[in-house]
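Heads up, the thing below is written out as structure tokens.
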Amino acid sequence: MPVNNPNIPMVPKNEGLLWKWMRYSAILLVPLAWGHVLIQDVLVGGHGISLDYVALRWSMIGWRIYDFLLLAFAFAHGVNGLRQVLFDYVQSAKSRQVVAWGLFAFWLLISLVGAVAIIGGVKFSS
Amino acid sequence: MGPRFVKTLSGYATYKGSKGFLAFLLHRVTGLGTLLFLTGHVTTTATVYFYSPWYNRLMEVFRLPLVMFAEMILVFCVIYHGANGLRIAYIDLYKPQMLAARQSNKAVLTTFIVAVLLWLPTAVVMGYNLLKYGFGLLGGE
């Protein structure tokens with residue numbers, strides 16, 4: 001059984017910290033994500049969303065901060081969750097290292113793309 | 001990973017455990033589904049800055065009836081994952097002595113029912129929008 005392999009620590013470094021992070025971020029994400037879904041998917045709906053709508057929304061700094069927090073917490077929570085799932089199937093220390101670094105790069109790339117867009121705002125092309 | 005993965009999947013299919021196991025599975029599926037959407041959502045929304053002519057065209061995809069239907073399932077995923085996550089987070093962080101209660105069938109079932117009840121009104125509104133804007137019924141186009 002892979003769990004008895006002495007080369008694989010039962011509890012990876014910082015796993016306890018991440019265990020707490022998943023739960024604290026969950027408590028913050030429930031109002032953030034549910035609020036976002038309620039407004040965008042239910043009250044406004046895809047038929048009401050356009051470039052002008054995003055520009056109007058992001059003209060208010062409060063909504064930009066809201067979206068920035070949602071991006072930062074939701075995406076990190078999601079990618080760490082994916083890591084937890086993958087670690088159930090990938091059990092050698094070396095493969096886990098590859099998965100962890102791959103996911104870290106993925107998290108960094110998508111978070112940066114999203115953060116640049118929120119800070120840069122809507123750029124209408126002429 | 002191959003044989004172990006197959007073994008895991010067949011284990012999922014044949015395991016006759018408590019409802020907690022179903023909650024565990026549903027929590028994973030709804031979380032992974034939400035992350036998949038989120039990745040696409042962040043990158044498509046980011047076109048508003050990187051190349052805005054693409055944005056309105058990408059939004060047309062979200063107005064396809066099939067995608068609007070998938071959006072209703074996504075909303076259920078976010079509601080269930082959040083409700084179930086709150087059950088886990090609250091008891092693990094603040095009431096660890098209630099671990100047995102958190103893992104009980106009753107807690108799992110209650111969470112599921114709460115999630116469905118929260119989802120139903122969103123499904124009514126989004127179902128109406130699907131008929132109106134997706135299929136052009138009810139005076140929509």
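Inside the stretch A:85-126, can you point out the residues that are free of Cβ contacts under 8 Å to residues at least 12 places away in the same chain and of a type outside the set (A, V, I, L, M, F, W, C)? Residues satisfying the conditions are A:D88, A:Y89, A:K94, A:S95, A:Q97, A:G102, A:G120, A:K123, A:S125, A:S126.
Evaluating B:P53 against the criteria (1) open to solvent by 20 Å² or more (accessible area, probe 1.4 Å); (2) under 18 Å from the mean Cα position of the chain (by Cα); (3) at the interface with chain A (Cβ under 7 Å from one of its Cβ atoms) leaves one unmet condition, (2).
Condition first: in a helix (DSSP H, G or I), open to solvent by 70 Å² or more (accessible area, probe 1.4 Å), of a type in the set (V, I, T) and more than 9 Å from chain A (Cβ to nearest Cβ). Can you find one or more residues in the stretch B:86-101 that meet it? No, that holds for no residue.
Among the residues making up the stretch B:107-141, those that are among the aromatic types (F, W, Y) and within 17 Å of the chain's Cα centre (by Cα) are B:F112, B:W119.
Among the helices (runs of 4 or more DSSP H) confined to the stretch A:17-126, the ones with at least 2 residues that are more than 11 Å from every other protein chain (Cβ to nearest Cβ) and open to solvent by less than 60 Å² (accessible area, probe 1.4 Å) are located at A:61-89, A:93-120.
In the set (1) open to solvent by less than 60 Å² (accessible area, probe 1.4 Å); (2) within 11 Å of another protein chain (Cβ to nearest Cβ), B:F37 fails one condition alone, (1). Remark: pairs (first residue in the stretch B:1-30, more than 28 Å from A:A93 (Cα to Cα); second residue open to solvent by 80 Å² or more (accessible area, probe 1.4 Å) and at pLDDT below 75; Cβ separation under 8 Å; 6+ apart in sequence or on different chains) = B:S18/B:Q103; B:G20/B:Q103. So, B:Y80, is that one open to solvent by less than 40 Å² (accessible area, probe 1.4 Å), of a type in the set (F, W, Y) and either in a helix (DSSP H, G or I) or in contact with a Phe, Trp or Tyr (Cβ under 7 Å, 6 or more places away or on another chain) (or both) or not? Here the answer is yes, as B:Y80 does meet what is asked.
As a summary of the residue check, B:V42 satisfies the conditions (1) touching a Leu at 6+ places or on another chain (Cβ under 8 Å); (2) at pLDDT 95 or above; (3) within 20 Å of B:K106 (Cα to Cα) except for the one numbered (3).
Listed here are the residues, each with its yes/no results for (1) assigned to a helix (DSSP H, G or I); (2) among the basic types (K, R); (3) loosely packed, with under 13 Cβ neighbours inside 10 Å.
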| residue | (1), (2), (3) |
| --- | --- |
| B:G11 | yes, no, yes |
| B:H27 | yes, no, no |
| B:H41 | yes, no, no |
| B:V48 | yes, no, no |
| B:L58 | yes, no, no |
| B:F69 | yes, no, no |
| B:K106 | yes, yes, yes |
| B:T110 | yes, no, no |
| B:I113 | yes, no, yes |
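The values are calculated or read from the model by the stated rules, or taken from the named source; none is laboratory data. Computed from a prediction, not measured in an experiment: that's the story for all the values here. No Cβ is skipped: glycine too gets one built from the backbone with ideal geometry, and neighbour counts run over all protein chains shown. The protein model used for the area step is the full one, side chains on, heavy atoms only, and it has no ligands, DNA or RNA in it. Shrake-Rupley method; radii C 1.70, N 1.55, O 1.52, S 1.80 Å.
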